[in-house]
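Only the coordinates and a few stated rules stand behind these numbers; no lab work does. These numbers were taken from a predicted model, which means no experiment stands behind them. Here Cβ is always computed from backbone atoms with ideal geometry, including for glycine, and neighbour counts include all displayed protein chains.
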Amino acid sequence: MANLIDDFSGPSSTVTQDFGSPTSRPQLISQNYFVQDTYRVLPNLSLDFGMRYEYNGAPFNAPGTPYPAISLNNLACNPLVAGSNCSTQEQSDFTEWGPRVGIVYSPTLFGQNKTVFRFGYGVFYDVLFTNIIDNIQATFPNAAADQVNANGTLSRGTPGWAEQFATLNHTPNPAGTSEPIINNLQLPRTSHGTSTSSRNCPGPAL
């Protein structure tokens, strides 16, 4: 407390301040379509077929975030490159196809309609994690983050501590941290299969 009153930093103080707009407004418009049908091959065998399609747009191309991405095929279009003022945008992912297939079979070998086998397989997608844009927005070139460090060699740290903040750099520093996404960011995909069997049931519920 005495250091604060006397305008000393203390021996181990560090302050980081961000300059730039902290506001980001990603717009995620999710569209999901599916078709599904059941085909009864035999009285004791049915097949399910389905297809799901998902589209989530490009939410990181948000207003106020001019540099959301980088392209590995065009690294010269990057704010870290001196003299480059181009902006790489996020590409929409149009590949989110999720097939589904299911089989229900009740063999007569183990007794008429006493045993049912069920098999299923599908491809599923996770959703976009829009918190990523907070990292993009808070780093170069969309923001500047400058730091003031206390002089640890002095018992009370840096004198005139409050006056140090006037020297902070408000201009984004190319040597600072930058956290853009890759421009063709894709959703996580999971392939999932399942199988069950049941006994002493009245029928296969075909």
**Q.** the chain - percent relative contact order, Cα under 8 Å, separation 6 or more
**A.** 31 percent
(Q) What does the extension gain come out to for Val101 and Asn135, with contour length at 0.36 nm per residue minus their alpha carbon separation? (A) 8.3 nm
Q. How large is the dipole of the chain about the Cα centre if only Lys and Arg carry +1 and Asp and Glu carry -1, each at its Cβ, rounded to the nearest 20 debye?
A. 1280 debye
(Q) For region 2-199, I need the span (max minus min coordinate) of the C-alpha atoms along each principal axis, in Å, sorted largest to smallest. (A) 91, 42, 25
Q | Distance from region 53-129 to region 166-182 (C-alpha centre basis), Å | A | 31 Å
Q.
Tell me whether region 52-97 comes out rounded, prolate or oblate; compute the Cα gyration tensor, take square roots of the eigenvalues as a ≥ b ≥ c, and use a/c under 1.5 as the rounded threshold.
A. oblate
**Q.** Ranked Glu163, Glu54, criterion: other C-beta atoms within 10 Å, fewest first
**A.** Glu163, Glu54
Q. In what sequence do Val81, Val123 fall when counting other Cβ within 10 Å, fewest first?
A. Val81, Val123
